[in-house]
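Inspection log for the structure reproduced underneath, given as structure tokens.
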Amino acid sequence: MKYMMKTLMGIFILTLLVVSVNAELYIAGEVLVNNQTQTVTHRMTYKIIDTSASGVGTGKYVPVGVYANIQPLPYDIGFYYPQYAGAIVDWCNYTVDQDKNIYDSQGHIINQSYETYNIFYNGSLPSGGQDYHQFSLLALDSLRTFVTCHYTDVRTLDIDGVLFGTAEAFFPAFECKNCESNSFQELARSNENVQQSISKEVSIYQTLQGLIKFNWNIWIILSWIFKIGMIFVAFMLLIKGIFFTYHFIKEIQEHLR
């Protein structure tokens, strides 16, 4: 198998629900290790899916910032781990691929285009690489980031699992028209009211739970009192039975005389 998945970072769908705006952001990520080329690739995929009734995201560009962070190169791993003498990370290649949809005035996809953004980092950049670039995405556009770093000994990845090159994207928050009519104080007050309501409900639940626990303890005490009482009654009946038997035998002996 040419590529081996080392660590699955996570695949999930983040749903943003804001009254009149409904959009989904698909994010998938993984780390791939290629033992043949001695490279480790950090790959992320982003996609915006507009699910709003009004189609707010169909023809609206969403600014997405992608930040790449690559450690200073070359990085001498053998300096910190003598058992891997000569092991270094000497270069990293950073690439962003973007699939762009072209819409007509009715919001239908009529064409697609493809763009690539690439930077190569090596030993000529001793300070490493930090790059921030902004992209514009429409609905159903996808963005894929790849940071591939070369290890002279890829086994060193197992030491602590630290990646020398990563990239992450930052998305803006969506807003709704209904939220604009409310001030921050009103929203904060509404949030406090909700928290107070939740606190009251929790308090009622705890009170009922306490009463149930208290009644249960009472029933346990009463059951033990009843059990002890039954033992006492049984003991008294036993004594009474012995006393009755004794008198019965005495009466028989008197009649026999």
Completion exercise
Counting only residues in region 63-89 that are assigned to a strand (DSSP E or B) and touching a Ser or Thr at 6+ places or on another chain (Cβ under 7 Å), the one modelled with the lowest pLDDT is identified as 63
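To keep it simple, each residue is scored yes or no on (1) free of Cβ contacts under 8 Å to residues at least 12 places away in the same chain; (2) within 25 Å of residue 137 (Cβ to Cβ); (3) in contact with a Phe, Trp or Tyr (Cβ under 6 Å, 6 or more places away or on another chain).
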residue	(1), (2), (3)
68	no, yes, yes
78	yes, no, yes
89	no, no, yes
95	no, yes, yes
108	yes, yes, no
116	no, yes, no
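Taking the conditions exactly as written (farther than 30 Å from residue 34 by Cα, modelled with pLDDT under 70 and part of a loop (DSSP other than H, G, I, E, B)), does residue 182 satisfy them or not? Lay out the reasoning, then the answer.
Numbers: farther than 30 Å from residue 34 by Cα: yes; modelled with pLDDT under 70: yes; part of a loop (DSSP other than H, G, I, E, B): yes.
In short, yes.
State yes or no: is residue 162 more than 23 Å from residue 63 (Cβ to Cβ) and assigned by TED's automatic domain parsing to the domain that holds residue 64?
Working: more than 23 Å from residue 63 (Cβ to Cβ): yes; assigned by TED's automatic domain parsing to the domain that holds residue 64: yes.
So residue 162 passes the test.
Filter region 113-122 for residues that are surrounded by fewer than 12 Cβ atoms within 10 Å (Cβ to Cβ) and either out of contact with any Lys or Arg (no Cβ under 6 Å at 6 or more places or on another chain) or not assigned by TED's automatic domain parsing to the domain that holds residue 42 (or both) and give the result.
Residues of region 113-122 that are surrounded by fewer than 12 Cβ atoms within 10 Å (Cβ to Cβ), as a first pass: 113-116, 118.
114, 115, 116, 118 - these are the residues of region 113-122 that are surrounded by fewer than 12 Cβ atoms within 10 Å (Cβ to Cβ) and either out of contact with any Lys or Arg (no Cβ under 6 Å at 6 or more places or on another chain) or not assigned by TED's automatic domain parsing to the domain that holds residue 42 (or both).
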Exercise for the section: Residue by residue through region 76-112, note down the ones that are surrounded by 10 or more Cβ atoms within 10 Å (Cβ to Cβ) and either among the small types (Gly, Ala, Ser) or outside the structural domain of residue 43 (by TED's automatic domain parsing) (or both). Expected result: 78, 85, 87, 107
Handout entry: Verdict on residue 41 being in a strand (DSSP E or B) and at pLDDT 75 or above
Key = yes
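The values are calculated or read from the model by the stated rules, or taken from the named source; none is laboratory data. Predicted model, so just to flag it, every value in this text is computed and none were measured. Cβ sites come from the backbone with ideal geometry, for glycine too, and all protein chains shown count toward neighbours.
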